[in-house]
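The values are calculated or read from the model by the stated rules, or taken from the named source; none is laboratory data. Computed from a predicted model, the values in this text were never measured in an experiment. A quick note on method: Cβ atoms are made from the backbone with ideal geometry, for glycine too, and the neighbour counts reach across all protein chains shown.
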Amino acid sequence: MNAEIITVGAGLVLGNTANTSGQFLSHELAAFGIEVTQVSAVGADEASVRQALRLALGRSDLVVLAGGLGQEPGGSVLEVVSQELSLPLELHEDSYERIKEYFVNTCRPMPPDAEKQARLPRGAAVFPNDHGTAPGCAVSRYGQQIFLLPGEPRELMPMFSDYVAPYLSNCAGGTIVSRTVGVFGLTEAVLTERLADLMSEANPNVALYAKDGEAILRVTAHAANRADALALCAPVVDEICRRLGVNVYGVDVGSLQKAVVALLLDKQMKIATAESCTAGLLSGRLTEVAGVSSVFECGIAAYSKEIKHNILGVPNETLDRYGAVSPETARDMAVGARRVGSAQLGVGITGVAGPDTSEGKPVGTVYVALADEKRVWVKKIDTKDGAVDREYVRYLAVSHALDLVRRYLEALPTVMAGGEPLLSPAEPVPAEIPEAAVAPPRRKHFLRSVLPWKGDGRAEIIRKCAILAVFLLLIAVAATVLYLYVLQPMNNQRLYNQLTELYDVDNPSVIESELAYAPDGMLSQFNALYARNSDVRGWLKIEGTNINYPVMRGDGQNFYRSHNFDRQYSIYGVPYFDTNAALVSADSVNRSLVIYGNNAGGGQMFSDLTNYYDDLSFLRSHPVIEMNTIYRNAKWKIFSVMVAASPEDGDFDFTRNTFADETDFLGFAGGIRVRSLYSYPDGVVDIQEGDSLLLLATPFSDVAGFDGAYLVVAARQVRDGESEEVDLGGVTYNSSAVMPGGWKGQSSATDSTSSSRPGGSAITRGTDPRDETSSSSESGGSTTLTEPVSEQPSFAPASGTTAGSTTAPDTSRPSSSSQTTSTTTGRPTTTSTESTTTTNTNGSTGTTSTTSPPTEPNAAVPPVLAGSHPESYYLQYCRVIESGVKIEPDNREELQMLLARIVKTELGKSSTFGTPGTAGYMQAQKAQAIAAYTTILYSNQVEKAIPEMSLKSLDLSNANDRAIYDAVGEVAGIKILSNGSPVYTPYFAFSPGATADNQYVNVLKLPYSGVVSKYDNEKTIRELDAGQVWERVSYTGTREELAEEITAYLRGSNAGYNPEVAFGDAVEVTRWDPYETYPLSLSITYVDKNGVSRQLTGGRLFAALGLRSPAFTVSDDGETVTIRTRGNGHCVGLSQLGAAGYAKYENWDYKRILSHYFSITASSSHRLVAPVW
């Protein structure tokens, strides 16, 4: 006989669930000599099941369908089989009664359509489900067998063992018989060792299935008839029982809990349970068994000490002296359970299931106790194998409890060894006090004095009534105060302590029907909470505070503002998500989530959240929030504490949760940061593209001084791979926090006079020959100083701006012993013995030293970070002069127009735009806009100079102009900052293959400015801008004419100064930059103002002659000096055509372009920062 197994369930198809059922069935069928030819998984929809069934019936003798027997909306497997086999579904009364009994035993309402599970194909052989609701069955058609079984392994396995296996034996004509022996307390290794000889036999065959301390030994025999097969099994089963002794809990009983229930029924005894660390798992396993209602009285989940004492009667002295996890407590819990349930037996379980230790006891320490009328037995369980899995500890503890009960019942009528007598002397019954024949006279006198009495006058009656009214009012007030300030806080806290225990139990034992409508992908740690209230959507905890609560979904009516988790009225309420929070699936969670909570005092709900206001030490001590949605666990780092108005009344809506794009999201995050009462250092809890935010909001009108105010604590989700630790030691009060319009409060932040605005920083420069007091080192080293404002280098782009001529002197000091060579061409052969041959950027081959230029980086694209200051702060430094008119944009639209004009002027040819529809389209223009904005800010804020520009106008009806304007609009306001200050970001037309370190051209030392520029080559430049010239003769003149030009430049306005310019045998370059592209010094000397002889630098010659580029070669034939330049512009910073090349040919975006040219990396301080409008 061949068979095919079809497992039904969406999780199996998606790969979310292991096909355990399919593997188990394959094993079991093989034991009966049935060859499994196909195992497949299909979805729970009717079409998929129908197609798979038709295929299987066409090629297999036996078809086993596992799963899909529930109330699926698309039609169950039963309905598909009924239709395909033309067998109508009929109500199976016995199965229906068992289903009703199941819900009664588990104290749950039966769903209206539960009857559907008991409707089976006509003539089917029924397999009862002792561990669930849906029965299995077998039907026949034309010699083929179809088995319909539950898909859940905990239901499938015992059903197969108890009912399917005997059925298969009958189907085999009695030639195959299978029997099972249940074992507890022996490991798989011990069983294998003790039964090795039996397990090696072929007939009968002994197979072992072990898990969590339990084991099933299946003995299968093949014979000519059933009697002979049973005869073969009998001695093997007897031998197994003899060898394993008391560890055998039954033969052919199915499970340990079924064995216990059967013994209780046989002994006519009842049982009650009290569980502390197992969350009702013991009562859950007992109530799975049919008929348990006759023997099971009650189950009590007693996590808290209050319940242990108040309900179970565990003395406080026991709890205080020995702890909640102790043999003494387990003993008293068992006694208390027996008393409360009025049962013959009581079971108590207490322990540490994990993941954390408790009372100094390690995870896995559990005490199980059993009590009868006279004695109590206590057993300690210790997972010596080091297992700390919570589910394993809980399951093992319950199995030990069941086994303890089983051994007690099997020992009857004798007494099981190991019990301790219960010493409970009867308490004396108070004697009945006879009623006095005559009331004491003093009592009657007192009553007459306070109550209206016969014979009192009208005034007296009014007086007494008034006194009574006041007395009753005082009692009512006292009762109200007692309830509001004592009883209600205690009851509320007790409720959430219980919920915490439910939440802390991983994979709690919850009846499946209560989770029938649970969202797909919900974490199992929420099962018990969801079963209690399906509105739960998360859990919030801040370590070291009282905030440790479930979070409910919002309903638009703020229901949970005034109701607790159990939907009962409460002034405390329970935290709840904003109405717009999308938490319907694991993939639909918003980028920004808002949780509201009350702060009614008493340390409950969000009362502790108010400690974040005006208390920097509290923020530093509690910088991380744990907020787990029902789909994902996550930690969140706090980055802002702000006071905000309600979204309806304020100018900033902190409840936003959807965003047009990442720029919009970063603007929102920046809006939160600028309102923060605390100022964070750069790089501490930054917000970047792709991040998610959490905002906790609590009413704050009393402090803020206006209605509708909230205190909002904002946090950013910890990124994958990021440390959860955060150091807020550098955080200070923010005196510039943006406060809501109605603010009337006071805080350390708003009262502070210290500024938190970003400012300038020290500048690193090379040695400047103009500073005659600087170091006289011949090597041209560098020093660090704060440069006077008047000596800051000026800047302008390659075209249109006056500051772009790069006329600032070079930084390198000449060497008095510089080496000359015989060549009169541009690049000399060095005297280094360690040299290699390289190909220069123009394609020519030359010799260079081993100090090779840096290679092009392959860095990750830098993120754009949320800003921490309003853009209005930066706009005060955005000023340019165009045709004598000062342009000062003061809003986003005006800034966009200014930057678009700059981009059109600098990089406005459509050939540089790239291809529409590609990732690189207009990316060079965006990079140009950001570099221009940053440099304008740098000039104004750091240099204290307003740059002059000549700009083209913009016609928005023109397609190219509109493309530029729109592209700039996407990045308007983004800037490059270093420690809060704008970076110097020059730009130019194109370089000869590598950009220059600014110190080789101007004074300012910018190590980040010199990089390889791959697309700065003659071919690419001409493709991108046909009007550009790659190489040209920029100067031709005699030595005398050259000397006059240099002298005029060095003399400047000091007519009395004679620099005494002199030449060597030939005018040539004596030292190059690492790229061998930019001359550092030449064989030209001069005398400075202090009379010191110096060597002329390439930067000074570039400035003196006004060359097209600082990358040049020099030739001297003795009469005429010729200088040829390559590139266009000062060659420092962003190469405009190089950027266009990267965008067009490699689809680089603006972030990668700027990262390449301005060193925006994780190791540098440069950051792309979004605007906060």
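Kindly provide the set of residues from segment 670-728 that are of a type in the set (S, T, N, Q) and either more than 24 Å from the chain's Cα centre (by Cα) or part of a loop (DSSP other than H, G, I, E, B) (or both), ordered by number. Steps first, please.
Initially, segment 670-728 is screened for residues of a type in the set (S, T, N, Q), giving 676, 679, 688, 692, 698, 701, 717, 723.
Ser676, Ser679, Ser692, Ser701, Ser723 - these are the residues of segment 670-728 that are of a type in the set (S, T, N, Q) and either more than 24 Å from the chain's Cα centre (by Cα) or part of a loop (DSSP other than H, G, I, E, B) (or both).
Based on what the data block shows, is Asp966 at pLDDT 95 or above and farther than 20 Å from Ala924 by Cα? Break it down stepwise before answering.
On the way: at pLDDT 95 or above: yes; farther than 20 Å from Ala924 by Cα: no.
Here the answer is no, as Asp966 does not meet what is asked.
Go through (1) part of a helix (DSSP H, G or I); (2) modelled with pLDDT of 90 or more; (3) among the hydroxyl-bearing types (Ser, Thr, Tyr) and name the single condition Ser513 misses.
The one condition Ser513 does not meet is (2).
Would you mind listing the helices (runs of 4 or more DSSP H) fully within segment 182-286 where at least 2 residues are modelled with pLDDT of 85 or more and either under 22 Å from Glu101 (Cα atoms) or of a type in the set (Ser, Thr, Tyr) (or both)? Before the answer, list the steps.
Working: elements: 188-194, 196-199, 226-244, 256-267.
Those helices (runs of 4 or more DSSP H) span 256-267.
Of these, Glu1023, Glu1040, Glu970, which one is in a helix (DSSP H, G or I) and either assigned by TED's automatic domain parsing to the domain that holds Met949 or among the aromatic types (Phe, Trp, Tyr) (or both)?
From the options Glu1023, Glu1040, Glu970, the qualifying one is Glu970.
Can you work out which of the residues in segment 89-124 that are of a type in the set (Lys, Arg) and touching a residue at least 24 places away in the same chain (Cβ under 8 Å) is nearest to Ser283 (Cα to Cα)?
Narrowing segment 89-124 to residues of a type in the set (Lys, Arg): 98, 100, 108, 116, 119, 122.
Keeping just the survivors that are touching a residue at least 24 places away in the same chain (Cβ under 8 Å) gives 98, 108, 116, 119, 122.
Details: Arg98: 18, Arg108: 14, Lys116: 27, Arg119: 29, Arg122: 35 Å.
Checking each candidate, the answer is Arg108.
How about segment 1035-1070: which of its residues are farther than 20 Å from Val1092 by Cα and basic (Lys, Arg)?
The one that is farther than 20 Å from Val1092 by Cα and basic (Lys, Arg): Arg1039.
Are there any pairs, at least 6 apart or on different chains, whose C-beta atoms fall under 7 Å, with the first in segment 856-867 and more than 15 Å from Leu693 (Cβ to Cβ) and assigned to a strand (DSSP E or B) and the second of a type outside the set (Asp, Glu) and at pLDDT below 85, and if so, which?
If the second residue must be of a type outside the set (Asp, Glu) and at pLDDT below 85, no pairs are left.
Does any residue in segment 904-917 that is touching a residue at least 24 places away in the same chain (Cβ under 8 Å) and under 17 Å from Trp1148 (Cα atoms) come within less than 7 Å, Cβ to Cβ, of a residue that is of a type in the set (Asp, Glu) and outside any helix (DSSP H, G or I) six or more places away or on a different chain, and which pairs are these?
Ser911/Asp1025; Thr912/Asp1025
Which condition number in (1) farther than 21 Å from Ser399 by Cβ; (2) touching a strand residue (DSSP E or B) at 6+ places or on another chain (Cβ under 8 Å) is the one that Thr329 fails?
Thr329 satisfies all of (1) farther than 21 Å from Ser399 by Cβ; (2) touching a strand residue (DSSP E or B) at 6+ places or on another chain (Cβ under 8 Å) except (1).
Name every residue in segment 1051-1103 that is more than 19 Å from Val1132 (Cβ to Cβ), small (Gly, Ala, Ser) and touching a Ser or Thr at 6+ places or on another chain (Cβ under 9 Å), in order of residue number.
Selection gives Ala1062, Gly1064, Ala1066, Ser1083, Ser1093.
Val314 versus (1) β-branched (Val, Ile, Thr); (2) in contact with a Lys or Arg (Cβ under 8 Å, 6 or more places away or on another chain); (3) assigned to a strand (DSSP E or B): which is the lone unmet condition?
Val314 satisfies every listed condition except (3).
Does any residue of segment 612-620 turn out to be surrounded by 17 or more Cβ atoms within 10 Å (Cβ to Cβ), in contact with a His (Cβ under 8 Å, 6 or more places away or on another chain) and on the phi < 0 side of the Ramachandran plot?
Scanning segment 612-620 turns up at least one residue that is surrounded by 17 or more Cβ atoms within 10 Å (Cβ to Cβ), in contact with a His (Cβ under 8 Å, 6 or more places away or on another chain) and on the phi < 0 side of the Ramachandran plot.
Restricting attention to segment 981-1004, does a residue exist that is assigned to a loop (DSSP other than H, G, I, E, B), surrounded by fewer than 20 Cβ atoms within 10 Å (Cβ to Cβ), modelled with pLDDT of 90 or more and touching a Lys or Arg at 6+ places or on another chain (Cβ under 7 Å)?
The initial filter retains those residues of segment 981-1004 that are assigned to a loop (DSSP other than H, G, I, E, B), namely 983-986, 989, 991-993, 995-997, 1001-1003.
Going one step further and asking which of them are surrounded by fewer than 20 Cβ atoms within 10 Å (Cβ to Cβ), we end up with none.
The answer is no; no qualifying residue exists.
Name every residue in segment 1058-1072 that is within 60 Å of the chain's Cα centre (by Cα) and not β-branched (Val, Ile, Thr), in order of residue number. Give the derivation first.
Residues of segment 1058-1072 within 60 Å of the chain's Cα centre (by Cα): 1069-1072.
Within segment 1058-1072, Arg1071, Trp1072 qualify.
If you scan segment 563-608, which residues turn out to be modelled with pLDDT under 80 and of a type outside the set (Asp, Glu)? Spell out the reasoning first.
Looking only at segment 563-608, we keep the residues that are modelled with pLDDT under 80, and these are 582-590, 601-603.
Scanning segment 563-608 gives Ala582, Leu583, Val584, Ser585, Ala586, Ser588, Val589, Asn590, Gly601, Gly602, Gly603.
Of everything in segment 655-668, what is out of contact with any Lys or Arg (no Cβ under 8 Å at 6 or more places or on another chain) and assigned to a helix (DSSP H, G or I)? Give them in sequence order.
Our first condition is that a residue be out of contact with any Lys or Arg (no Cβ under 8 Å at 6 or more places or on another chain); within segment 655-668, this holds for 655-656, 660-664, 666-667.
Correct list: Glu662, Thr663, Asp664, Leu666, Gly667.
Restricting to segment 870-900, and then to whatever is in a helix (DSSP H, G or I) and not hydrophobic (A, V, I, L, M, F, W, C), can you tell me which residue is surrounded by the most Cβ atoms within 10 Å (Cβ to Cβ)? Walk me through how you get there before you give the answer.
So the first thing to find is which residues in segment 870-900 are in a helix (DSSP H, G or I), and the list is 871-875, 892-900.
Keeping just the survivors that are not hydrophobic (A, V, I, L, M, F, W, C) gives 871-874, 892-894, 896.
Numbers: Glu871: 22, Ser872: 13, Tyr873: 15, Tyr874: 25, Arg892: 15, Glu893: 11, Glu894: 15, Gln896: 20.
So, considering only residues that are in a helix (DSSP H, G or I) and not hydrophobic (A, V, I, L, M, F, W, C), the one surrounded by the most Cβ atoms within 10 Å (Cβ to Cβ) is Tyr874.
All but one of (1) modelled with pLDDT under 90; (2) in a helix (DSSP H, G or I); (3) more than 21 Å from Leu264 (Cβ to Cβ) hold for Thr329; state the number of the condition that does not hold.
So Thr329 meets the others, but not (1).
Say whether the condition of being surrounded by fewer than 18 Cβ atoms within 10 Å (Cβ to Cβ) and either in contact with an Asp or Glu (Cβ under 6 Å, 6 or more places away or on another chain) or of a type in the set (A, V, I, L, M) (or both) is met by at least one residue in segment 927-935. Break it down stepwise before answering.
Restricting attention to segment 927-935, the residues satisfying the condition of being surrounded by fewer than 18 Cβ atoms within 10 Å (Cβ to Cβ) are none.
No: zero hits.
Which residues, counting only those in segment 275-325, are under 20 Å from Arg338 (Cβ atoms) and touching a Pro at 6+ places or on another chain (Cβ under 6 Å)?
Residues satisfying the conditions do not exist here.
Kindly establish whether Val347 is under 20 Å from Val295 (Cα atoms) and surrounded by 13 or more Cβ atoms within 10 Å (Cβ to Cβ). Walk me through how you get there before you give the answer.
Numbers: under 20 Å from Val295 (Cα atoms): yes; surrounded by 13 or more Cβ atoms within 10 Å (Cβ to Cβ): yes.
When the stated conditions are applied, Val347 passes them.
Being within 30 Å of Ser910 (Cβ to Cβ) and not assigned by TED's automatic domain parsing to the domain that holds Glu906 narrows it down to one of Pro1074, Pro1110, Pro1079, Pro1059, so name that one. Step through it out loud before you land on a result.
Values: Pro1074 fails: within 30 Å of Ser910 (Cβ to Cβ); Pro1079 fails: within 30 Å of Ser910 (Cβ to Cβ); Pro1059 fails: within 30 Å of Ser910 (Cβ to Cβ).
The conditions single out Pro1110.
Just checking, how many residues over segment 311-331 are among the acidic types (Asp, Glu) and closer than 18 Å to Pro362 by Cα? Don't jump to the end; show me each part of the working.
Let us first name the residues in segment 311-331 that are among the acidic types (Asp, Glu), namely 317, 320, 328.
Next, from what is left, pick out any that are closer than 18 Å to Pro362 by Cα: 328.
Residues that pass the stated criteria total 1.
Among residues belonging to segment 1133-1155 that are more than 27 Å from the chain's Cα centre (by Cα) and under 20 Å from Ser981 (Cα atoms), point out the one that is surrounded by the fewest Cβ atoms within 10 Å (Cβ to Cβ).
Only one residue fits best here, namely Ser1155.
Which of the residues belonging to segment 213-244 are surrounded by fewer than 16 Cβ atoms within 10 Å (Cβ to Cβ) and within 52 Å of the chain's Cα centre (by Cα)?
Result: no residue meets the conditions.
Out of segment 1087-1111, which residues are in contact with a Leu (Cβ under 8 Å, 6 or more places away or on another chain), in a strand (DSSP E or B) and more than 14 Å from Arg1039 (Cβ to Cβ)?
Residues satisfying the conditions are Gln1095, Thr1097.
When you scan segment 164-181, do you find a residue that is under 47 Å from the mean Cα position of the chain (by Cα) and in a helix (DSSP H, G or I), even just one?
yes
Could you tell me which numbered condition Arg154 fails, if it satisfies all but one of (1) over 47 Å from the mean Cα position of the chain (by Cα); (2) of a type outside the set (Ser, Thr, Tyr); (3) in a helix (DSSP H, G or I)?
(1)
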